[in-house]
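Novice: Just dropping this structure here.
Every read-out reported here was derived from the displayed coordinates using simple, explicitly stated rules and does not represent laboratory data. What you see is a predicted model; the values in this text were computed from it and never measured. All Cβ positions, glycine included, derive from the backbone under ideal geometry; neighbour counts span all protein chains shown.
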Ligand code: PGA
């Protein structure tokens, strides 16, 4: 399958987006307690994690793999490790050793994911069409690696830091190939500033200039949007 228009399911508001995706995660964990999940950071999944914390789920056999991390001190308040602890991991019964983040040993992270594909991968999308930190121009075959952040991403993410100059310029990200190995993928997008790129990625040409367009080649993807 080379090209497929992906339906964008429009939800009423951010609460509905968060609870819709929480339902998918809940079903996954209840039906298959030993699940492997790929998880995102950023502003979009905050409501999802809040929802999940409020549900009585048993995370004791769940393994999580984060999509990406900035190259920075993991204990920095804006690191993705801190984000995950504060928004999810410290509030559920998951084993810290089951919460995996990419590190400079990229081969080892790939090995942990290879062979047994993740059951469910949750994604956000950047205004430039990135998924994880696979910026425009990333190879569709890419695997976990160190990357330089796009100028647009640094600008977008400066809202979490004091200034543009404080945003890390490098990150470690799962590749597009790594993400595509997942059995099921759910993409969440929130805000009118994402609408245009979402349409381009889901309904336009499949091109490495728009990394999220690769999802058109996956046979089990759901895309949710709210403005
Ligand atoms: P956001 O980021 O959820 O903070 O908008 C999404 C992304 O860049 O992938």
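Novice: Please work out the C-alpha center-to-center distance from the stretch 37-66 to the stretch 92-114 and express it in whole Å.
Specialist: That distance is 15 Å.
Novice: Assign one of three labels to the chain, namely rounded, prolate or oblate, based on the Cα gyration tensor with a ≥ b ≥ c the square roots of its eigenvalues; rounded applies when a/c is under 1.5, prolate when it is not and a/b is larger than b/c, and oblate otherwise. Working shown, then result.
Specialist: Numbers: a/c = 1.22, a/b = 1.08, b/c = 1.13.
Rounded, since a/c falls under 1.5.
Novice: Over the chain, with a Gaussian network built from C-alpha contacts below 10 Å, which listed residue (151, 16, 110) shows the highest mean-square fluctuation?
Specialist: Of 151, 16, 110, the Gaussian network model singles out 151 as fluctuating most.
Novice: Now for a separate question. Quick check on the exposure proxy: order 165, 227 from fewest to most C-beta atoms within 10 angstrom. Please list the in-between numbers first.
Specialist: On the way: 165 9, 227 14.
So the ranking, lowest neighbour count to highest, is 165, 227.
Novice: Ratio of the stretch 114-200's C-alpha Rg to 2.2 N^0.38 Å, to two decimals?
Specialist: Details: Rg = 13.7 Å, N = 87, 2.2 N^0.38 = 12.0 Å.
The reported ratio for this selection is 1.14.
Novice: Where does each of 179, 71, 131 land when they are ranked from fewest to most other beta-carbon atoms within 10 angstrom? Present the calculation step by step, with values, prior to reporting the outcome.
Specialist: On the way: 179 26, 71 16, 131 29.
Listed from fewest to most nearby Cβ atoms, that is 71, 179, 131.
Novice: If you line up the Cα atoms of the stretch 78-124 on their principal axes, what length do they span on each, largest first, in Å?
Specialist: Extents along the principal axes: 30, 24, 24 Å.
Novice: Over the chain, what is the percentage of antiparallel beta bridges among all DSSP beta bridges, to the nearest 5? Walk me through the intermediate numbers first.
Specialist: On the way: 8 of 28 bridges.
Beta bridges within the chain, antiparallel portion: roughly 30 percent.
Novice: Report the calculated FRET efficiency for residue 107 and residue 76 (r = Cβ-Cβ distance, R0 = 30 Å), to the nearest 0.05. All intermediate terms of the calculation are to be shown ahead of the outcome.
Specialist: Values: r = 25 Å, r/R0 = 0.84.
Given R0 = 30 Å and the Cβ-Cβ separation, E is 0.75.
Novice: Restricted to Cα positions, what overall size does the stretch 157-217 have along the principal axes? Three whole-Å values, descending.
Specialist: In descending order, the Cα extents are 38, 27, 21 Å.
Novice: Please identify, among 96, 33, 211, the residue showing maximal mean-square fluctuation in a Gaussian network model of the chain using a 10 angstrom Cα cutoff.
Specialist: 96
Novice: Rounded if a/c is under 1.5, else prolate if a/b beats b/c, else oblate: with a ≥ b ≥ c from the C-alpha gyration tensor eigenvalues square-rooted, which is the stretch 18-69? Please report the intermediate quantities before stating the final value.
Specialist: On the way: a/c = 2.01, a/b = 1.18, b/c = 1.70.
Oblate, since a/c reaches 1.5 and b/c is not below a/b.
Novice: For the stretch 1-108, what does the alpha-carbon gyration tensor say about shape, rounded, prolate or oblate, given a ≥ b ≥ c as the root eigenvalues, a/c under 1.5 as rounded, and a/b over b/c as prolate?
Specialist: Numbers: a/c = 1.43, a/b = 1.25, b/c = 1.15.
Rounded.
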